[in-house]
1. For the range 193-243, which residues satisfy the criterion of being part of a loop (DSSP other than H, G, I, E, B) and aliphatic (A, V, I, L, M)?
2. Condition (residue is under 24 Å from ARG159 (Cα atoms), in contact with a strand residue (DSSP E or B) (Cβ under 9 Å, 6 or more places away or on another chain) and either crowded, with 24+ Cβ neighbours inside 10 Å or not acidic (Asp, Glu) (or both)) applied to the range 239-256: is it met by at least one residue?
3. Taking interchain pairs and intrachain pairs at least six residues apart, which have beta carbon atoms under 7 angstrom, with the first residue in the range 152-177 and farther than 24 Å from PRO132 by Cα and of a type in the set (Lys, Arg) and the second open to solvent by 30 Å² or more (accessible area, probe 1.4 Å) and at pLDDT 80 or above?
4. Kindly evaluate HIS182 against the criterion of being assigned to a strand (DSSP E or B), under 24 Å from PRO83 (Cα atoms) and either modelled with pLDDT under 90 or open to solvent by less than 10 Å² (accessible area, probe 1.4 Å) (or both).
5. Of (1) outside any strand (DSSP E or B); (2) closer than 19 Å to VAL147 by Cβ, GLY259 satisfies all except one. Which?
6. Considering only the range 115-156, state which residues are among the β-branched types (Val, Ile, Thr), under 20 Å from the mean Cα position of the chain (by Cα) and surrounded by fewer than 21 Cβ atoms within 10 Å (Cβ to Cβ).
7. Sort through SER78, SER63, SER112, SER89 and tell me the only one that's in a loop (DSSP other than H, G, I, E, B), modelled with pLDDT under 95 and crowded, with 18+ Cβ neighbours inside 10 Å.
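The values are calculated or read from the model by the stated rules, or taken from the named source; none is laboratory data. Since the structure is predicted, the reported quantities are computational estimates derived from the model, not experimental observations. Neighbour counts run over all protein chains shown; Cβ positions are idealised from the backbone, glycine included. Side chains included, ligands, DNA and RNA excluded: accessible areas come from the protein's heavy atoms. Shrake-Rupley method; radii C 1.70, N 1.55, O 1.52, S 1.80 Å.
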Amino acid sequence: MSARRLPGLLTRVFALLFLALVVVGLFVEYPFPSWWVFLPLVLAWTAGIAGGRAASRDIKGASRDAVEVLAPVTGRWSALNSPADRVPSHGVHAYGQTYAIDIVAEGAEGPSAGRPGFAWLWPVARGPRAFPAFGAPLLAVADATVVTADDTQRDHLSRNSLLGLAWLLLAEGEVRGLAGAHRVLGNRVVLDLGDGTYAAYAHVRRGSLQVRAGDTVRAGQQIARCGNSGNSTEPHVHFQLMDHPDLDRARGVPFTWRGIGVPANGEVFVAGRAVSDDW
């Protein structure tokens with residue numbers, strides 16, 4: 001087993017053991033001191049910290065120049081969790097996310113044409129079709145070979161309310177984390193760009209794949225559509241470059257989008273030609 005994968009695996013195993021002991025304790029008396037129940041939780045936390053520190057050292061020792069690629073979308077978008085503001089952009093190095101970026105479609109300009117804002121109380125959740133990003137074409141960022149293509153997971157309701165976000169952070173997100181990368185990133189496509197660089201697209205729309213593993217694609221070719229699968233608050237594109245196709249082993253690789261650069265958090269940008277008629 002790869003040393004990169006071991007800390008994450010141990011974290012999930014110890015966390016599951018803790019949950020199992022808690023459930024067992026609801027029905028039977030422990031044959032050991034009750035405080036022992038928390039030992040797996042401490043070990044899970046320790047493994048997570050150790051894995052994070054090891055990943056940080058790994059990244060620093062394998063730094064690479066930014067790879068220029070095309071933007072994975074067209075139209076009017078804005079950036080969230082951008083590596084232009086901090087690294088690691090999502091707070092972790094896991095799953096090759098060191099330089100990952102999230103982008104949301106803003107739709108047409110105007111006060112009533114954009115995406116729904118955050119709701120403090122109501123509605124608790126919205127259907128994915130309420131967001132302009134849902135169904136937007138995802139494009140190959142370079143000539144490439146498809147390594148992974150999966151679109152079997154459902155597109156769930158949004159989590160962009162106070163209650164929805166609490167559910168995601170305190171319950172759903174933790175369960176997905178225990179299940180591993182495929183549940184965190186949801187439906188996904190991974191492209192081999194050559195020279196040890198891979199592009200990953202996450203939260204892809206269910207049933208929208210235009211390619212399958214082994215296919216070759218041209219830069220700008222549509223490969224799928226934006227969805228709301230996996231660990232996602234609303235339909236958006238999670239994009240990253242990495243050095244390995246296996247998300248559990250991958251290290252993040254910096255990127256820059258041709259003609260755009262790396263948009264900062266909240267920055268609105270227009271990629272290519274608007275194709276709203278196709279959405």
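1. Within the range 193-243, LEU209, VAL211, ALA213, ALA219 meet the criteria.
2. yes
3. Sorted first by the residue in the range 152-177, then by its partner, the pairs are ARG176/ARG183; ARG176/ASN231.
4. Details: assigned to a strand (DSSP E or B): no; under 24 Å from PRO83 (Cα atoms): yes; either modelled with pLDDT under 90 or open to solvent by less than 10 Å² (accessible area, probe 1.4 Å) (or both): yes.
Criteria not met by HIS182.
5. Condition not satisfied by GLY259: (2).
6. Going residue by residue through the range 115-156, those that are among the β-branched types (Val, Ile, Thr) are 124, 141, 145-148, 152.
So of that shortlist, the ones also under 20 Å from the mean Cα position of the chain (by Cα) come out as 141, 146-148, 152.
Answer for the range 115-156, where residues must be among the β-branched types (Val, Ile, Thr), under 20 Å from the mean Cα position of the chain (by Cα) and surrounded by fewer than 21 Cβ atoms within 10 Å (Cβ to Cβ): VAL146, VAL147, THR148, THR152.
7. The unique qualifying residue is SER89.
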